[in-house]
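A quick write-up on the structure given underneath.
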Amino acid sequence: MSESTNGLIPETTLRSSAAVVPAVSLSVRVVNLSVVILPFAGFVAAIVSLWGRGFDWVDGILLLGMYILTALGITVGYHRLFTHRAFDTNTTIQLLLAVLGSMAVEGPLLKWVAIHRRHHQYSDTREDPHSPHDHGGGFKALVRGVWHAHMGWFFEPDSPSLPQYVKDLRQSGLLRRASQLFPLWAILGLLIPAALGGLLTGTWMGALSGLLWGGLARIFLVHHVTWSINSICHLWGRRPFQTDDQSRNNFVFGALGLGEGWHNNHHAFPTSARFGLRWWQVDLGYWFIRALALVGLAAGLKRQEVPRSSMSAR
């Protein structure tokens, strides 16, 4: 699939020259599911075991609040606004979303966008930055593919062609500067929950606990959910649209990822601000964009409406 001159991805994700990606084996899915579920289970177990001794309501509020804010920064800001230009907004909201996305500590804005645009161009082929597929045969290759898709790709060298994917964003001095200040925003994402924890409890231990749960643990949770979109949503779930990749809709990550888990919908219609195309497909990211539009802070929303008859039962 050819890219447009400014790095944006055309509406269709079908690649005219690419072979259809083979079906996912059960063994690959089981390994991937284990990689995803075990850390989540450990995280929940830690909260339960520490309740009243190292985790309380203040910590829970800081964890949930910072999770929602930074996850919105990723799905609404980094992804739907800056990567796919699914809606328009003013410079103040752009900066706020860039900062919140940076607080998720998934990388500078321009690099994140470039990698994701490349992912759409080469989805589930050898050139895809984080596909679980095409890593060879056998169990070792299976594990290697799941690891690569979930987080292994993060430690590999960047493609030298990444800058060409963000030529449009580089024209904005505001966005260039916001991306360059990524370390500052990442540190701020740790200091804010620490300060709030100290203020709400009136103790230094409250500040330390806020740093731990609203900062470090929250970063782990946001990362794990985001990376699960790369791995589990290319292995587990339904494929109502026939794209030339293995992108899938997954209800669990549709909710946890604030709409990101409706991944097959998104790959079929990447420029749509709305990922959840059915009333029951929870998409908090889109609801947030709609709220911005209602108060005059967002415009030009691109929303895909799909007739029921056009969706397959796969």
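So here's what we get for this one:
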| item | result |
| --- | --- |
| Set of lysines with alpha-carbon distance to LYS167 below 23 Å, sequence-local pairs under 8 removed | LYS111, LYS302 |
| Residue-by-residue Karplus 3J(HN,Hα) for segment 180-187, coefficients 6.51, -1.76, 1.60, Hz, glycine and proline x | 5, 8, 3, x, 5, 5, 5, 5 |
| Mean Cβ neighbour count within 10 Å, used as a protection proxy, ranking 88-99, 257-268, 47-58 highest first | 257-268, 88-99, 47-58 |
| Separation of alpha-carbon centers, segment 224-238 and segment 279-303, rounded to whole Å | 23 |
| Inter-part distance where segment 143-196 and segment 54-132 are each reduced to a Cα centre, Å | 9 |
| Distant-in-sequence amide H partners of ARG238 (H built 1.01 Å from N, under 5 Å) | ASN249 |
| Residue-by-residue Karplus 3J(HN,Hα) for segment 226-238, coefficients 6.51, -1.76, 1.60, Hz, glycine and proline x | 4, 5, 5, 5, 5, 9, 5, 7, 10, 9, 10, x, 9 |
| Value of Rg to Rh for segment 26-250 (Rh from inverse mean 1/r over Cα pairs, i.e. Kirkwood) | 1.00 |
| Per-residue ³J(HN,Hα) for segment 241-247, Karplus 6.51 cos²θ - 1.76 cosθ + 1.60, θ = phi - 60°, Hz, x for Gly and Pro | 10, 8, 8, 7, 8, 10, 4 |
| Extension gain from ILE47 to LYS167, taking 0.36 nm per residue of separation minus the Cα-Cα distance | 38.8 nm |
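Bear in mind that the values in this text are calculations on the coordinates, not laboratory data. Everything numeric here is computed off the predicted structure, so don't read it as measured data. Every residue, glycine among them, receives a Cβ derived from its backbone with ideal geometry; neighbour counts consider all protein chains shown.
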